1. Along Cα→Cβ, 7 Å out, is where each label goes; now give me the distance between the ones at B:E79 and B:N35 in nm to one decimal.
2. With +1 on each Lys and Arg Cβ and -1 on each Asp and Glu Cβ, how big is the dipole of region B:7-306 about its Cα centre, in debye rounded to the nearest 20?
3. Binning every alpha carbon pair distance of region A:22-237 at 5 Å from zero, what are the percents per bin?
4. Give, in nm to one decimal, the length gained when the segment between A:E18 and A:S175 is fully stretched (0.36 nm per residue of separation minus the Cα-Cα distance).
5. For B:E98 paired with A:Q61, estimate the spin-label separation in nm (one decimal), with each label point 7 Å from Cα along the Cα-to-Cβ line.
6. For chain B, with every protein chain kept in place, what is the accessible area per residue (1.4 Å probe, Å²)?
7. Sequence neighbours fewer than 8 away in the same chain don't count; with that in mind, list the aspartates and glutamates whose C-alpha is under 18 Å from B:K238.
8. Can you bin region A:9-66 into rounded, prolate or oblate? Criterion: square roots of the alpha carbon gyration tensor eigenvalues sorted a ≥ b ≥ c, rounded for a/c under 1.5, prolate for a/b above b/c, oblate for the rest.
Amino acid sequence: MDFISPEGLRLDGRRPLELRQLQAEIGVVEKADGSATFEMGNTKVIAVVYGPREVQSRSQQQHDQALVRCEYSMASFSTGDRRRRGKGDRRATELSLVIRQTMEAAILTNLLPRSQIDIFVQVLQADGGTRACCINAATLALADAGIPMRDIVASCAAGYLNSTPILDLNYLEDSGGGPDLTVALFPKLDKVSLLQMDSKIPLDVFEKVMNLASEGAKAVAQFIREKLMENTKQLVLAKGR
Amino acid sequence: MVVGLSAAEKVYIAGGIAADIRGDGRGRHQFREFNIDTSVIPQANGSARICLGGTDVIASVKAELSVPPPGRPNHGKLEISVECSPTAAPEFEGRGGEELSMDLSRALQRSFLGGTSGAGAAIDLAALSIVEGKLCWALYIDGLVLSSDGNLLDALSIAMKAALSNCGLPKVEIIGGTSPEEEPDYELSGNPEEFTRLETSLVPVIVTLTKVGKHYIVDATAEEESQMTAAVSVAVNKKGSVCGLTKRGGTGLDTSVLLDMISVAKRHSAVLRRALAFAGLFSSPNVEKRPVSFCLLLFRRLDANGCRTK
């Protein structure tokens with residue numbers, strides 16, 4: 001199947017090195033400590049943070065650092081064909097773990113000992129790149145909750161189809177059989193915190209795809225920072241100082 | 001939902017309700033202002049999101065081609081389910097939300113699906129039939145609770161009604177196989193302009209009356225719900241018929257009070273429906289093109305004029 005037309009356009013009209021349209025909103029759930037929605041094209045995720053709060057089960061309490069927990073769930077209407085996913089399916093468990101580890105690396109857990117931070121991500125629409133979108137939404141929600149972090153975490157996926165590295169795969173491209181590489185990084189520290197890839201590619205191509213994904217993640221980071229800045233300015237205005 | 005309230009707060013809530021002025025300034029029979037967005041899920045045939053105070057729910061309708069249910073060859077299928085996302089409350093994590101999800105789905109199924117024969121269903125099931133005994137539409141109505149601040153059932157019913165009104169079924173062309181022994185051969189129209197709408201005038205709205213102390217209130221918040229002694233959810237359709245009833249809570253209700261509550265719920269449902277129609281949500285022919293947002297701010301005034309009960 002041709003994923004890139006002779007004119008160099010992809011199925012949804014983007015250039016190979018183009019991100020989908022990004023949208024984000026902070027503070028969407030009133031009762032939560034922090035919340036945000038993040039959209040990458042048709043992929044839409046809502047992330048909610050509760051905490052830092054008292055540890056719910058005593059046995060899990062850590063005296064020198066915060067306990068970070070994460071649950072990933074998909075709405076039954078999020079995918080093209082409707083299906084009910086059990087809460088404990090393998091994909092959801094793996095993703096919960098991946099998001100938790102990525103966010104844990106960013107949170108200054110040693111500043112919040114004996115407390116618990118819950119991150120809940122809910123996929124409303126899935127169109128490829130849910131992993132990246134969840135991490136971006138979680139970053140915004142954590143920032144909204146005012147949880148101290150080393151740096152924001154930004155994530156983006158890239159792939160390699162029709163001998164071309166392409167950025168931010170949608171569902172069709174994702175299921176196109178090529179490699180799917182997801183990167184999450186700390187943009188300021190310039191360090192990679194998550195790297196996942198399936199399928200196989202030669203090493204020199206891997207470098208190209210990896211660089212592309214990192215560039216994408218940096219662009220996402222810029223967007224996240226602007227959104228946070230905008231939100232902070234609004235808060236300052238609301239406070240009246 | 002676990003709501004931690006001090007003794008003083010409990011007295012404040014009960015006292016406010018007794019004095020007909022609640023914590024947020026509403027009277028006993030006033031709804032909160034709400035906001036409806038339609039076409040929020042592009043992958044669904046119809047969808048709507050409603051924010052009712054701090055309560056935020058999404059309803060989506062997905063249509064699939066299916067085989068008619070056994071014994072009813074000229075009917076389609078209608079299924080309802082509700083999921084409580086842990087985003088609404090940390091207690092819903094893992095299997096924690098299942099009990100509430102089940103409770104809400106059952107109450108909605110009672111009100112929307114009619115009897116086992118399909119009589120009295122919110123959507124005319126015969127209208128979902130395509131080829132008798134062979135092909136029909138199956139509508140899956142899914143509710144998702146994103147944020148919870150009381151009155152989930154009413155919010156879900158409004159969202160589902162709006163999603164059903166927003167729903168467009170693509171045109172199905174039968175190109176062969178209409179005789180009884182052949183498999184039907186059909187083609188789905190790819191033209192987004194060609195679709196049929198559902199007749200949704202008989203879809204009920206649910207009004208829940210929550211009894212706190214001696215009085216009952218509509219549209220209770222989570223704090224008020226934690227202080228309830230009993231609650232009655234009444235589903236009423238356009239004709240004013242009661243389509244479903246659910247009573248919850250620990251204490252019993254007098255039959256006379258129950259009948260009174262039902263008549264109040266009926267009046268409220270009429271106002272709700274009028275307010276929704278007023279927003280043009282159910283009459284506008286071009287709602288599916290882009291997300292349309294209606295802010296029902298007028299609702300309060302309508303309510304105060306039309307439906308104050310002493």
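The values are calculated or read from the model by the stated rules, or taken from the named source; none is laboratory data. Everything numeric here is computed off the predicted structure, so don't read it as measured data. Because the Cβ atoms are built from the backbone with ideal geometry, glycine has one as well, and the counts that use them run over all protein chains shown. With ligands, DNA and RNA removed, areas are computed over all heavy atoms of the protein, side chains included. Shrake-Rupley method; radii C 1.70, N 1.55, O 1.52, S 1.80 Å.
1. Going by the 7 Å Cα→Cβ label model, 3.3 nm.
2. Magnitude of the dipole: close to 1280 debye.
3. The calculated distribution, bin by bin, is 1, 7, 15, 19, 20, 16, 11, 6, 3, 1, 0.
4. That works out to 54.7 nm of additional length.
5. 2.9
6. Each residue of chain B exposes 43 Å² on average to a 1.4 Å probe.
7. Leaving aside aspartates and glutamates fewer than 8 places away in the same chain, those within reach of B:K238 are B:D124, B:D154, B:E199, B:D303.
8. Because a/c hits 1.5 or more and a/b exceeds b/c, region A:9-66 counts as prolate.
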